[in-house]
Amino acid sequence: MKSKIYKVGVLGLRMGKAWVEGIARNKDAKLTVVFDLDQEQARKIAGTYKCRMAASEDEFFATDLDIIVVATPDHLHVPQAVRALALGRHVACEKPMAATVKDCQVIIAAVRRYKKFFMTGQLCRFRPDFIMAKKLIGEGKIGDIAFIESQYYHDYSKVPGVNGWRKDPKIRREGLIGGGCHAMDLIRWLAGNPEEVFCYMNQKYLTDWPTKDTGVAVMKFKSGAIGKVFVSIGVKAGYSMRTVIHGTKGSIICGDTRRDKLTIWRAKAKINPIELPVRVLTQKPVYEEFKEFLDNLKAGRRPMTDEYEGTNTVAFGEACLKSARTGKPVRVQYIVRKGK
């Protein structure tokens, strides 16, 4: 029996360009239409990948599709994802899922109402080094996690977004969530949900931006583990997702995009440290991400990063922001799935 070919549209072609490339490589998907306000960019991509270029957002949504990828700026995710779901489309949405938990719950309600699949594009869960770290932890190679830390830093002065949306005072995008969701979601995936956080923030870099640019939070877990996340959208250094996991039987260091190795120490090993080779990515692992979405869609399983996972990473970030504002520890309020 011939497998179904899913018709896919991509909305937003800055972040969406990587999705276009990943979709084009997948034999079970057909890139059908793209749209971006930058019509020249859209025309170029449509020509390269032999698909339609919608002249407007309304024309894009009027196209007969199975899946819509929402890869637009954060503040547009909710209205566009809900519109796609209401039209009967499955949705893959870039991270963060939305700016606040309240906004995320609007998407959750639409997913339940229209009974469609939804995935949040938490890319770090598809990177080879982090996948290897997850496997080593699961196999007990470093024992129980005692401490975990991850960082996200990226100089946003060089990437303010199209028309400066990332620094728009009307949008007031919080970089701690907008960028930090990478590290926060990774911590949740590797070590579980932090129960409580305490956060400090400052604004030493992007002083003309509407929100603080740098934050550090410590956290504790139900397991007894503790952790730290550092986020900066202004730090003057190269992009970093360096992540360290210390366990009772060893430690792992990973996340350096410039290295093709993961480092592991083991308490009883004759040789330490051990450098394990990992595949260096020449592009974002969106092919793997989209394949996981399709595989689960075909099997009727929830995506690994479904609407609840996307929401609870935002909940982690919101708790950090609240702690920074109040100067007090904050318990993270996670959203629990109800029913099927």
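Quick notes on this structure:
- Where chymotrypsin sites (Phe, Trp or Tyr not before Pro) fall in DSSP loop in segment 170-270, at most 13 other Cβ within 10 Å: 239
- Kirkwood Rh, angstrom, the chain [1 / mean 1/r, Cα pairs]: 20.8
- Of 129, 144, the sequence from fewest to most neighbouring Cβ atoms within 10 angstrom is 144, 129.
- Footprinting exposure proxy for 330, 162 (fewest neighbouring C-beta atoms within 10 Å first): 162, 330
- Too-long pairs where the Cα-Cα distance tops 26 Å, listed order kept, from 115/291; 222/322; 220/291; 222/270: 220/291; 222/270
- Violating pairs (Cα-Cα greater than 27 angstrom) within the set 44/284; 228/249; 44/170: 44/170
- Phi angles across segment 27-38 convert, under the Karplus curve 6.51 cos²θ - 1.76 cosθ + 1.60 with θ = phi - 60°, into 3J(HN,Hα) values of 5, 9, 9, 10, 5, 9, 8, 10, 8, 8, 4, 7 Hz, Gly and Pro given as x.
- Taking amide H as placed 1.01 Å from N in the peptide plane, the amide H of residue 243 sits under 5 Å from that of 254, 255, 256, each at least 5 places away or on another chain.
- Footprinting exposure proxy for 158, 167, 261 (fewest neighbouring C-beta atoms within 10 Å first): 158, 261, 167
- Stokes-Einstein D (µm²/s) once Rh is taken as the Kirkwood radius of segment 52-168 over alpha-carbon pairs, at 10 °C in 1.306 mPa s: 94
- Trypsin sites (Lys or Arg not before Pro) lying in DSSP loop within segment 186-215, provided at most 16 other Cβ fall within 10 Å: 204
- Estimated [θ] at 222 nm from DSSP helical runs (n ≥ 4, -39500 (n - 2.57)) normalised by residues in the chain, nearest 500: -10000 deg cm²/dmol
Only the coordinates and a few stated rules stand behind these numbers; no lab work does. Note that this is a predicted model, so its numbers are computed, not measured. All Cβ positions, glycine included, derive from the backbone under ideal geometry; neighbour counts span all protein chains shown.
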